[in-house]
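Below: one structure, written as structure tokens.
Just so it is clear, none of the values below were taken in a lab; they were calculated from the coordinates. Not measured: the values here are computed from a predicted model. We place every Cβ from the backbone using ideal geometry, glycine too, and count neighbours over all the protein chains shown.
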Amino acid sequence: MNKAELAEEITNHTGLTRRQSREAVDAITSVITDALARQEKVTLVGFGTFRVMQRKARTGRNPQTGQSIQIPAKKVPRFTPGKGLREKVK
């Protein structure tokens, strides 16, 4: 399911117009992105938690040359599914 299909499903479930549904999806993704940029955790009870994790520096290998390279540490977004989502997917 892509962003447009998600907005369409929201339209079907809520009775909002397509435009309102697209704006809602855009607003939600924007708010979550902004919160993660500020290093804040976003928890949606029953769905899951979005947070920023620190990935350690590590040694990798260039697949073309086989040469070892140093991959620097960086921050990455991480999603942990909540109990309700895990149960529904089972």
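Taking the criterion of being touching a Gly at 6+ places or on another chain (Cβ under 8 Å) and of a type outside the set (Ser, Thr, Tyr), the residues of the stretch 41-69 that qualify are LEU44, VAL45, GLY46, PHE47, GLY48, ILE69.
Of ARG18, ARG22, all but one fail to be farther than 22 Å from PHE79 by Cα and touching a Lys or Arg at 6+ places or on another chain (Cβ under 9 Å); the exception is ARG22.
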